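Nothing in this text is a laboratory measurement; each read-out follows from the coordinates by a stated rule. Computed from a predicted model, the values in this text were never measured in an experiment.
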Amino acid sequence: HFKTFDGEIFSFPGLCNYVFASHCNALYEDFNIQIRRTVVEEAPTINHITMVLEGVVAELTKNGVTINSNRVQLPYSQSGITIEKSNMYVKVVSKMGVVLLWNEGDSILV
């Protein structure tokens with residue numbers, strides 16, 4: 001289910017809210033990506049992503065995107081964050097250099 005930056009692969013079928021990536025030895029408010037999964041047609045699927053990037057909270061679901069609890073339209077570019085949606089994925093780019101791609105299903109790439 002997960003392939004780390006150093007190439008290790010882990011199978012983890014949990015369905016709770018998990019910290020996917022964060023800045024080591026710093027407050028979670030600086031850089032934090034959390035995911036929540038559910039089972040869709042017997043397959044684990046990522047249904048909610050929460051990103052905290054330099055104090056800005058972006059939440060991604062299949063139903064839309066919110067920034068600091070306010071629903072936004074895509075493409076979105078403000079507060080150092082750009083979010084775009086294509087046919088294949090949702091792409092989030094932050095000025096701090098974090099890039100996230102989500103296929104709105106079972107795959108996320110940071």
Task: From the coordinates shown, semi-axes √(5λ) of the Cα gyration tensor in Å corresponds to which of (1) 28, 15, 13; (2) 21, 18, 13; (3) 36, 21, 11 - done: (2)
Open item on the list: Amide H of PHE20 versus every other amide H placed in the peptide plane: which residues, excluding those fewer than 5 positions away on the same chain, fall under 5 Å?
Closed with: ILE33, GLN34, ILE35
